[in-house]
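One structure below.
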Amino acid sequence: MEESIVIAKTSRFFREGNPDSNKLLIALHGYGQLPSYFIQKFKVLFENWQVVAPEGLHRFYVNGHAGRVGASWMTKEAREQDIVDNLNYLEALVEQLISNKQYDEIVLLGFSQGGATAARFFYQSKLPLTKLIVWASVLPPDINSESFFSSGNNIRKTVFVVGDEDPFFPDDQLSKVKDSFSEIGYQVHAFAGKHDIDEKTLEVVIEKA
């Protein structure tokens, strides 16, 4: 018989950028990444933005039993509980951040595996998140439906970004994915590159209405 217990857990996040800025970017890393490295992909924004990179709640050795460590937001095991834990975690983090400072903009970016977690949080949270950027990811099936977006949930700014050589989006799927995001009101941006954060594209989508 499976049972569960709720415990307290310490969760890391990393912060860089301008501490006086009233613009906040919360960036969720992809599978197997660590936020201490991931946050450096946003250094082009550090002069004018505060950037916060939370760490997924599950750390693991990327190759075997030692060496490089990465983090993950969830697996297929106990998926529903991990979704709840992730949402509670991000809710608590953002509440802490905005309790100490008032922000005019709070942008949420989810890269790769972090995209699904970011989307769930953006659409379910009542906190003042102003823009969602889904980067090299797809919307999770629990929110990707016509009824969901027609019910008024898609009233804030939403952006989809992908590289035109991203191996997770083959040529025969890329146009379909871009069309699907466009149909539900997302701005769609493609750049020349693979599965990564492109600085020039980042600067465009972070500032563009």
key: strands (runs of 3 or more DSSP E) wholly inside segment 55-147 containing at least 1 residues that are exposed (fewer than 11 other Cβ atoms within 10 Å of the Cβ) and either at pLDDT 95 or above or polar (S, T, N, Q) (or both)   = none
message = Is it the case, given these coordinates, that residue 34 is more than 17 Å from residue 197 (Cβ to Cβ) and either out of contact with any Pro (no Cβ under 9 Å at 6 or more places or on another chain) or surrounded by fewer than 21 Cβ atoms within 10 Å (Cβ to Cβ) (or both)?
response = no
key: Restricting segment 1-42 to residues that are among the basic types (Lys, Arg) and either over 17 Å from the mean Cα position of the chain (by Cα) or in a loop (DSSP other than H, G, I, E, B) (or both), the residue that is modelled with the lowest pLDDT   = 9
Positions within segment 5-39 being polar (S, T, N, Q) and touching a residue at least 24 places away in the same chain (Cβ under 8 Å), in sequence order = 11, 18, 21, 22, 33
inquiry  = If I go through segment 189-209 residue by residue, how many of them are out of contact with any Phe, Trp or Tyr (no Cβ under 8 Å at 6 or more places or on another chain), in contact (Cβ under 8 Å) with a residue 12 or more places away in the chain and more than 10 Å from residue 133 (Cβ to Cβ)?
reply    = 11
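So that you can scan it fast, the table gives a plain yes or no per residue for (1) in contact (Cβ under 8 Å) with a residue 40 or more places away in the chain; (2) not aliphatic (A, V, I, L, M):
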{"position": "52", "(1), (2)": "yes, no"}
{"position": "58", "(1), (2)": "no, yes"}
{"position": "67", "(1), (2)": "no, yes"}
{"position": "74", "(1), (2)": "yes, no"}
{"position": "88", "(1), (2)": "no, yes"}
{"position": "97", "(1), (2)": "yes, no"}
{"position": "102", "(1), (2)": "yes, yes"}
task = May I ask you to verify whether residue 202 is within 19 Å of the chain's Cα centre (by Cα), under 22 Å from residue 106 (Cα atoms), part of a loop (DSSP other than H, G, I, E, B) and modelled with pLDDT of 90 or more?
result = no
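The values are calculated or read from the model by the stated rules, or taken from the named source; none is laboratory data. These numbers were taken from a predicted model, which means no experiment stands behind them. Here the Cβ is made from the backbone with ideal geometry for all residues, glycine too, and neighbour counts use every protein chain on show.
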